[in-house]
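The values are calculated or read from the model by the stated rules, or taken from the named source; none is laboratory data. Please read these numbers as outputs of a predicted model, since none were measured by experiment. Glycine gets a Cβ as well: all are built from the backbone with ideal geometry, and neighbour counts include every protein chain shown.
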Amino acid sequence: MLSLLVAGLSCPATAAAQQSVKARVEQYGIDVSFQPEKSFLSARARVMIRAGEFTEALEFELNPALTILEVRDAQERKLEFTRSGRLGSPKVLVRLAEPYGAEQDTTIVFKYEGVLPRGPLDYITPEGILLRDESRWYPALDLAAFTQNDVNITTPKDWCVFTSGKLLSGRVDGAVAVHRYKTDRPVSSRSIAATPRCSQSTCGGTSILAGEAGKWQAAGAAACYSGRNSKVGDEVAGRAISLLTHYAKVLGELGLPVFQIVDGFPGQRGAVGYSAPGFLVVSEDVVKFHSVPGYAPEFLPHEIAHQWFPIEVTLARQEDGWLAEGLAEYLAYRYLEHEDPPAARRMLERALRDALEPEPLRRLEEH
């Protein structure tokens, strides 16, 4: 775990101090089931909370499209809850059965379900699933909180599923598959990605057949690609290994046995990506045009740099997102400066020129 602290960014201990004075989340235990053809999820989330001061009620955030069926405490007592009256607000106020004091622990269990409307970055569809923390698919006090997570994810049986932590088990039960992931240290995300018809993964040059859904895993440190284009995906996985190795020398090891690159953003063109602890979701064009000279050379260096900023060292405030983007862009430039100087030079020229000025065409021999 990094111990670096920059203005606007914080390590886990500092991030906890930036959370609500009243309480902070320590652990999540989540069971979530998806019906992709209906964009539907149902879930039970067990949230362990540590008080920061005397507390009678807690304010969570949960996507307003999701219906809360009930809220209980660890003693199975039903708790009163109130949704915000503002249109589209995710705020949920939960009143505790009894107050609790500073540094005491309590557990709250939510049961909820609903259809999440598709967005450009968050979706539940037959072509794939991506739910970022920002989608508020789980009850949150702080979206960037560092927590221990134990997550069971149910999907159709031929799907592959990814979230932060280690894959402990994968089993098929009739028409569905259940994957269990557990973190061995606090992480700053509860995001989930899943892909359909996932029968093969490539890991740094080695093809690993899935067999029964959820059974495959890579031994030792590796970067793996899961998606439709396994041939080019193998090259992308190799590039990811190079990047992870390069950054680790400067920023420290992530401690990941496997780094996953996952197909996502169905139907979207261009280079689109989303980084979460231990995995990266990319659009089809990122893989399809990976070997085309000059196509978004800074994309993978930038997205993989996010494994450190803002994942290992997270944001103290959401409005500081520009700082994490700036650090990732700087690290991408320094990587390209070392590995591909012409690409680094073009990246710098784009950053320095007037925003409205068209990029000059390169000579044919440079293509």
*Identify all residues within the range 309-323 that are part of a helix (DSSP H, G or I) and either among the hydroxyl-bearing types (Ser, Thr, Tyr) or crowded, with 22+ Cβ neighbours inside 10 Å (or both); write none if there are none.*
309, 310, 312
_Of the criteria (1) surrounded by fewer than 23 Cβ atoms within 10 Å (Cβ to Cβ); (2) of a type outside the set (Asp, Glu); (3) modelled with pLDDT under 95; (4) under 30 Å from residue 173 (Cβ atoms), which one residue 260 fails_ = (1)
_Pairs, first over 14 Å from residue 72 (Cα atoms) in the range 32-52, second at pLDDT below 95 and basic (Lys, Arg), C-beta under 6 Å, six or more apart_ = 50/24; 52/22
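How many residues are in a loop (DSSP other than H, G, I, E, B) and aromatic (Phe, Trp, Tyr) if we restrict to the range 251-303? Outline the logic, then answer.
Here is the first cut: in the range 251-303, the residues in a loop (DSSP other than H, G, I, E, B) are 252-257, 264-272, 277-278, 283, 289-298.
This time we only want the ones that are aromatic (Phe, Trp, Tyr), so: 265, 289, 295.
Number of matching residues: 3.
Quick one: is residue 107 under 14 Å from residue 35 (Cα atoms) and either out of contact with any helix residue (DSSP H, G or I) (no Cβ under 9 Å at 6 or more places or on another chain) or not in a strand (DSSP E or B) (or both)? Walk me through how you get there before you give the answer.
Working: under 14 Å from residue 35 (Cα atoms): no; either out of contact with any helix residue (DSSP H, G or I) (no Cβ under 9 Å at 6 or more places or on another chain) or not in a strand (DSSP E or B) (or both): yes.
So residue 107 does not fit the description; no.
Suppose we keep only residues that are over 20 Å from residue 116 (Cα atoms) and of a type in the set (A, V, I, L, M, F, W, C) within the range 142-159. Which one would you say is modelled with the lowest pLDDT? Walk me through it before giving the result.
Start the filter on the range 142-159 by keeping residues that are over 20 Å from residue 116 (Cα atoms), which leaves 142, 144-150, 157-158.
Of the ones still in play, those that are also of a type in the set (A, V, I, L, M, F, W, C) are 144-146.
Numbers: 144: 91, 145: 94, 146: 96.
It comes out as 144.
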*Working carefully through the options 118, 77, 95, find the one that is under 30 Å from residue 263 (Cβ atoms), of a type in the set (Lys, Arg) and surrounded by fewer than 14 Cβ atoms within 10 Å (Cβ to Cβ).*
118
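Limited to the range 120-139, what total is found for residues that are assigned to a loop (DSSP other than H, G, I, E, B) and within 19 Å of residue 67 (Cβ to Cβ)?
Step one: list which residues in the range 120-139 are assigned to a loop (DSSP other than H, G, I, E, B), which gives 120-122, 126-127, 132, 136-139.
In the following step, the residues that additionally are within 19 Å of residue 67 (Cβ to Cβ) were identified as 122, 136-139.
Of the residues in that region, 5 qualify.
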_Looking at residue 97 and the list (1) touching a Lys or Arg at 6+ places or on another chain (Cβ under 7 Å); (2) modelled with pLDDT under 95, which single condition is not satisfied?_
(2)
*Considering (1) assigned to a strand (DSSP E or B); (2) out of contact with any Gly (no Cβ under 8 Å at 6 or more places or on another chain); (3) not acidic (Asp, Glu); (4) not assigned by TED's automatic domain parsing to the domain that holds residue 284, say which one residue 87 fails and leave the rest.*
(1)
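Which ones in the range 53-71 are surrounded by fewer than 17 Cβ atoms within 10 Å (Cβ to Cβ) and not β-branched (Val, Ile, Thr)?
Kept after step one, since they are surrounded by fewer than 17 Cβ atoms within 10 Å (Cβ to Cβ), are these residues of the range 53-71: 53-54, 56-57, 59, 65, 67, 69-70.
53, 54, 56, 57, 59, 65, 69, 70 - these are the residues of the range 53-71 that are surrounded by fewer than 17 Cβ atoms within 10 Å (Cβ to Cβ) and not β-branched (Val, Ile, Thr).
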_Residue count for the range 145-164, restricted to those that are within 15 Å of the chain's Cα centre (by Cα), of a type outside the set (Val, Ile, Thr) and surrounded by 20 or more Cβ atoms within 10 Å (Cβ to Cβ)_ = 5
*Being farther than 21 Å from residue 24 by Cβ and not basic (Lys, Arg) narrows it down to one of 85, 52, so name that one.*
85
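Can you tell me which residues in the range 30-77 are under 15 Å from residue 99 (Cα atoms) and of a type in the set (Lys, Arg)?
Our first condition is that a residue be under 15 Å from residue 99 (Cα atoms); within the range 30-77, this holds for 49-59, 72-75, 77.
50, 72, 77, listed by residue number.
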